[in-house]
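Note sheet for the following structure.
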Amino acid sequence: MTTKEKLVCVSLYPEEARKDKNSEIRLEAYRALGYTEDAKKDKDPDIRLEVYRALGFTEEAKKDENWNIRLEAYRVLGYTEEAKNDKDPDIRQEAELYFKIKNDDMIEIDGKLFSKSTIQEALKQYISKD
């Protein structure tokens, strides 16, 4: 059966389509029939990512084998200390940046917020001009 024929059969055999070996068929079946919790366990990371986007990211998404799913989960749910130790360097780097910004004290001057590190850098530059 061709891919086109299988796509036509999605509406006739929904459960079979969700279990098809072709990931495109499975994806179209989920799109047409609705995402399920089982789809979060699909072997194809693109399907799992789309499922999490549709159903919402959960803590389990932070533990997915696919780095892109974990990255989006941290962005949606918030970074934790465990993100600093993720096996993916991009996630670790983003987590470090997140905590650096989060932990930086903010100071209000004339109704505008400035980070403490920004003010310190500006003062250093001002002092060094003399």
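Listed values, structure above:
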| item | result |
| --- | --- |
| Subset of region 37-72 (residues that are outside any helix (DSSP H, G or I) and either over 18 Å from LYS84 (Cβ atoms) or free of Cβ contacts under 8 Å to residues at least 12 places away in the same chain (or both)) | ASP42, LYS43, ASP44, GLY56, PHE57, THR58, GLU65, ASN66 |
| Filter result (modelled with pLDDT under 95, part of a loop (DSSP other than H, G, I, E, B) and at negative phi) within region 73-90 | TYR79, THR80 |
| Residue that is surrounded by the fewest Cβ atoms within 10 Å (Cβ to Cβ), among those in region 36-58 that are out of contact with any helix residue (DSSP H, G or I) (no Cβ under 7 Å at 6 or more places or on another chain) and under 26 Å from LYS102 (Cα atoms) | GLY56 |
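The values are calculated or read from the model by the stated rules, or taken from the named source; none is laboratory data. Every value quoted in this text rests on a predicted model; they were computed, and no experiment measured them. For neighbour counting, all protein chains shown are included, and Cβ atoms are generated from backbone atoms with ideal geometry for every residue, glycine included.
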